[in-house]
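Encoded as structure tokens, the structure appears first; notes follow it.
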Amino acid sequence: TLAVRTQLLDDGRRTLGVAAVIDDVSERRRLEEIRRDFVANVSHELKTPMGALGLLAETLVAEEDPQVVRRLASRIQDEAFRVSRIIDDLLDLSRIEAEEAPPREPVPIGLVMAEALERVRAAAEQRAVKIEVEEPDPPVAVVAERRQLVSALYNLLENAVKYSYEGGLVRFSGTVHDGEVVFAVADQGIGIPARELERIFERFYRVEKGRSRQTGGTGLGLSIVRHVAANHQGRVEVESREGEGSTFRLVVPLESGSRRS
Ligand code: ADP
């Protein structure tokens, strides 16, 4: 939607002319809506575990059976972990956005893959999702900002687990072709409608709120991935079929050490 406003131009004494100001209202409205949704999502995402924490602590105070106490304490740990994951996402995104030319070092591809896997392990176990891993053989290093790379891979894996069917299979590979490392995360989950593929990398964007909300999330994951790719002169690719699954590829040059501009 374009809105046209007219504005009188004058020099204080007489009218010099009329200017037409054209605004893309729909774009602004859309961004506002995205921001509003984001705040609602983050609040909702935090509210659920916080509510559970309150209830669990309340029960814990009155509980005497040591076995029950232990069980409650372990649930408190899980909920606290959920809260810190959401906060990690927010912090990762703001850090990665601020850090356009991060310091790089050679990191073994297998190592970043292992770190990302470690972060997603609990979630995968919870949904009985199996992750098959293929590392480059022989081992190869990529010049990268390690934390950023781990965080991008973790987000791809987290989505693959989240949008898999219970008990599903995820394939996670890192392979080297023509001076680039291709990290691929393939799931056999719910897939993404073709018309949404262009938009999923936008900040805070989530496909069909209803469907996404059940699975939790903030709509930040893929924008983190996109930023990390850009910061390393790389790219992200996606292929997906509804009901069959999705494959995301993060491609990063092995040597992206200095900024080519
Ligand atoms: P979220 O926190 O909602 O997962 P992301 O930015 O990571 O946010 O992803 C944006 C949207 O893209 C998600 O809401 C989801 O609908 C869709 N999506 C991302 N990865 C997958 C996947 N592997 N399978 C199906 N849908 C996905």
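The values are calculated or read from the model by the stated rules, or taken from the named source; none is laboratory data. Predicted model only: the values in this text are computed from it and were never measured. Cβ sites come from the backbone with ideal geometry, for glycine too, and all protein chains shown count toward neighbours. Heavy atoms of the whole protein, side chains included, go into the accessibility calculation; ligands, DNA and RNA do not. Shrake-Rupley method; radii C 1.70, N 1.55, O 1.52, S 1.80 Å.
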**Study point:** All positions within region 78-95 that are open to solvent by 50 Å² or more (accessible area, probe 1.4 Å) and of a type outside the set (S, T, N, Q)
**Key:** Asp78, Phe81, Arg82, Arg85, Ile87, Asp88, Leu90, Leu91, Arg95
Review point. With (1) over 30 Å from Arg146 (Cα atoms); (2) without any contact (Cβ under 8 Å) to a residue 40 or more places away in the chain as the list, and Val39 as the residue in question, which single condition is left unmet?
Key: (1)
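Quick check, is Glu198 under 23 Å from Leu90 (Cβ atoms) and either open to solvent by 20 Å² or more (accessible area, probe 1.4 Å) or touching a strand residue (DSSP E or B) at 6+ places or on another chain (Cβ under 8 Å) (or both)? Explain how you work it out, then say what you get.
Numbers: under 23 Å from Leu90 (Cβ atoms): no; either open to solvent by 20 Å² or more (accessible area, probe 1.4 Å) or touching a strand residue (DSSP E or B) at 6+ places or on another chain (Cβ under 8 Å) (or both): yes.
No, not satisfied.
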Check your understanding: For region 229-253, which residues satisfy the criterion of being touching a Gly at 6+ places or on another chain (Cβ under 8 Å), modelled with pLDDT under 95 and either in a helix (DSSP H, G or I) or more than 20 Å from Arg195 (Cα to Cα) (or both)?
Key -> none
Check your understanding: Which ranges mark the helices (runs of 4 or more DSSP H) fully within region 102-215 that have 3 or more residues being more than 9 Å from the ligand (Cβ to nearest atom)?
Key -> 109-126, 146-162
**Study point:** First in region 218-244 and free of Cβ contacts under 8 Å to residues at least 24 places away in the same chain, second anywhere and assigned to a loop (DSSP other than H, G, I, E, B) and among the hydrophobic types (A, V, I, L, M, F, W, C), Cβ under 9 Å, 6 or more apart
**Key:** Glu239/Leu197
Review point. If His44 passes every condition in (1) within 15 Å of the ligand (Cβ to nearest atom); (2) open to solvent by less than 70 Å² (accessible area, probe 1.4 Å) but one, which one does it miss?
Key: (2)
Point to revise | Matching residues, region 60-77, being open to solvent by 70 Å² or more (accessible area, probe 1.4 Å) and part of a helix (DSSP H, G or I) | key: Val61, Ala62, Pro66, Gln67, Arg70, Arg71, Arg75, Gln77
Exercise for review: Scan region 99-123 for residues that are under 16 Å from the mean Cα position of the chain (by Cα) and over 12 Å from Gln148 (Cα atoms) and jot them down.
Suggested key: Leu117, Arg119, Val120, Ala123
